[in-house]
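See below for the structure under consideration.
FYI, it's all coordinate maths here, none of it is from the lab. Predicted model, so just to flag it, every value in this text is computed and none were measured.
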């Protein structure tokens, strides 16, 4: 377009010169106007080209913004869906939290009740323990008194080794060898033995909170043939001797039968070796054991 305008301008100038009817000043003026229009035309062409380029860039930008808008719309839809799901989750969690809060409140109430109950039980147990401790101290003191009384009353027999007294774990035991109570192979108490049992029984009668267990023991020498008709074995002999002691304590000293028990162990609980005469003599014995009334089982 620029070339065409310039060509037209030159053609006009030539035509004017050819006609010879235009003055030089007019010609110059027309020539300047033509040059001006040519320059103006060139500028317009440049502006047009720029506008076309801008239009192209705007079209590209328009397409780009359209894609961004579509992406934003899709994102908005996704966000709305996420928001709805989040609200639903929040509502569900709030419901769960409310239920848990109610359950926790109930659990705390029950826990406080349990704590109060346990504290009350603790106070009760502490009171019981204190009472049991005092009672135990009293029993120990009484047992010591009984022990001291027995030692005092049986001093001579203890010195001769015929009687021993022990106090192990709250169980007082009076151990008497056979010879001071019975003749060999017999279950009848000798007069000297009755005297010893009277002294022992008089003291034990005052221990009303204790049971009295009488145990009979023998050595491992079998019953002689002449005694087989009376005592089948040492079991029967040991039991008969313990029974004689129990009857004396009940019948002669008035100790309640509810406090008394009889045990015959025969040769099966020796305290010494049966290989020697001295050991066998120690194993032939009567033991009187004081035990708490509520536990009369053997241990």
Revision key, fill the gap. Note on the chain: contact order normalised by length, alpha-carbon pairs under 8 Å, 6 or more apart, percent, works out to 15
**Study point:** For the range 250-290: rounded, prolate or oblate by the Cα gyration tensor [a/c cutoff 1.5]
**Key:** prolate
Point to revise | Among (i) 53; (ii) 67; (iii) 35, the entry derived from the coordinates for percent of Cα pairs over 29 Å apart | key: (ii)
Review point. By how many degrees, 0 to 90 and rounded to 10, does the Cα axis of helix 191-204 deviate from the longest principal axis of the chain?
Key: 40
Review point. What's the angle, to the nearest 10 degrees (0 to 90), between helix 234-247's Cα axis and the longest principal axis of the chain?
Key: 80
Study note, to complete from the structure: Under a Gaussian network model of the chain whose springs join Cα atoms within less than 10 Å, the largest fluctuation of 178, 35, 215 belongs to 35
Review point. Which of 162, 130, 64 moves most in a GNM of the chain, Cα contacts under 10 Å?
Key: 64
Practice item. Average the reciprocal distances over every distinct pair of alpha-carbons in the range 137-292, invert the result, and give the Kirkwood radius in Å. Key: 15.8
Practice item. Name the most mobile residue of 68, 282, 250, meaning the one with the largest mean-square fluctuation, in a Gaussian network model of the chain with Cα contacts below 10 Å. Key: 68
Point to revise | Relative contact order (percent, whole number), the range 49-175, Cα cutoff 8 Å, 6+ residue spacing | key: 10
Check your understanding: Distance from the Cα centre of the range 154-226 to that of the range 40-113, in angstrom?
Key -> 103
Check your understanding: With axes computed from alpha carbons, what is the tilt in degrees of helix 24-153 against the longest principal axis of the chain, rounded to the nearest 10 within 0 to 90?
Key -> 10
Review point. What number, in percent, do you get for the relative contact order of the range 137-292 if the mean sequence gap of Cα pairs under 8 Å and at least 6 apart is divided by its residue count?
Key: 30
